[in-house]
1. Using the 4.7 Å Cβ rule, please list in number order the cysteines from the chain without any candidate partner.
2. Please report, in whole Å³, the volume per residue of the convex hull around the C-alpha atoms of the range 71-212.
3. If we sort 145-151, 7-13, 216-222 on the protection proxy, mean other Cβ atoms within 10 Å, highest first, what's the order?
4. Give the order of 96, 205 when sorted by the count of other beta carbons within 10 angstrom, beginning with the fewest.
5. Using amide H atoms built in the peptide plane, which far-off residues or other-chain residues are under 5 Å from residue 5 H to H?
6. Starting from the amide H of residue 216, placed 1.01 Å from N in the peptide plane, find each other amide H under 5 Å away whose residue is 5 or more places distant or on another chain.
7. So who's got an amide H within less than 5 Å of the one on residue 109, skipping anything under 5 residues away but keeping other chains? H placed 1.01 Å off N, in plane.
8. For the range 161-174, what does the Karplus curve 6.51 cos²θ - 1.76 cosθ + 1.60, with θ = phi - 60°, yield as ³J(HN,Hα) per residue in whole Hz, taken in order and with x for Gly and Pro?
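Please treat every number below as a calculation from the coordinates, not as lab data. Predicted model, so just to flag it, every value in this text is computed and none were measured. Methodologically, a virtual Cβ is constructed for each residue, glycine included, from the backbone with ideal geometry; neighbour enumeration extends over all protein chains shown.
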Amino acid sequence: MTDAHVHPDCLVRVFPKAEAERRALNIACAASAWSAAECDRNEALASAAALDGAPPVFCCCAIHPQLPLALKTESAPFPFSPPFSIGAELEALERRAAEGRLAAIGETGFDLYDAAYRETGAEQEKLFAAQLEIAASYGLPLVLHVRRALHKIFACTKQLKKIPAVVFHSWPGTSDDGFSLLRRGVNAFFSFGTALLLNHQHALRSCALFPAERLLAETDAPYQSPRFREYSSYRDCKAVLSAMADLRKAGGQNANGGTEPETIVDRNFYRIFTGG
Ligand SMILES: [Zn+2]
């Protein structure tokens, strides 16, 4: 199995046996980091996995769109806690990209969830533009976090068309939005997680209708907990995939050569994160 969006360094803080679980379930993952320090720890995890012949960890790093607001509030949670210099982080990110150490720039994007977030809109714009440029210069995929901000993404269509793959983590739009991005020439991939288990209607419909070669599965662990649990983890991959399979079957979409979603999702994952 593959997990297209997870935060191993945050997950291990609430679930110390997370890496053992990942290995036991044989799940390759794209590990998101919100800072250079966090990405260093994910790189160590990736090296250990490679040494042990465990399923691979692909390292992604970016400045999260929630960071400007988090830095303004006294109670910024890990991993946003100060000291944190945005300038230094951007430099480190570019250096890492130049050294070929990243599988993707992510997660970045826009979060305009409420008035407080919207107040940091201008800073988010600047951060996103800088990271879009790094992704374009080094030919890296982008992993996007987009909350109430798809219009911002549509406004960047021209630049996004130059990015080898644009992964929407926890796809936040309607199926029409997704098809519209594809029609505009964005090489978009739509990742679905535990929202499928929580009956989010737009996610269900999008997941049923999008072409199979555009789908990914994720846990966003530990941040998207299923009902009655405090956090998500690798073990939720299976439930997400089986929800995906049910949706595709119900929509008559499992005709892709009879291939199960799991196989196609894995193929999409490796194509994106290994640049294949
Ligand atoms: Zn995330």
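1. So, 10, 29, 59, 60, 156, 207, 237.
2. Numbers: hull volume 18.5 nm³, N = 142.
Dividing the Cα hull volume of the range 71-212 by its residue count gives 130 Å³.
3. Working: 145-151: 18.6, 7-13: 20.7, 216-222: 27.3.
Final packing ranking: 216-222, 7-13, 145-151.
4. On the way: 96 21, 205 16.
Least to most surrounded, the residues fall as 205, 96.
5. HN-HN under 5 Å from residue 5: 30, 219, 220.
6. For residue 216, the qualifying residues are 190, 191, 192.
7. Amide H neighbours of residue 109: 145.
8. 5, 8, 8, x, 8, 10, 9, 8, 6, 6, 2, x, x, 8
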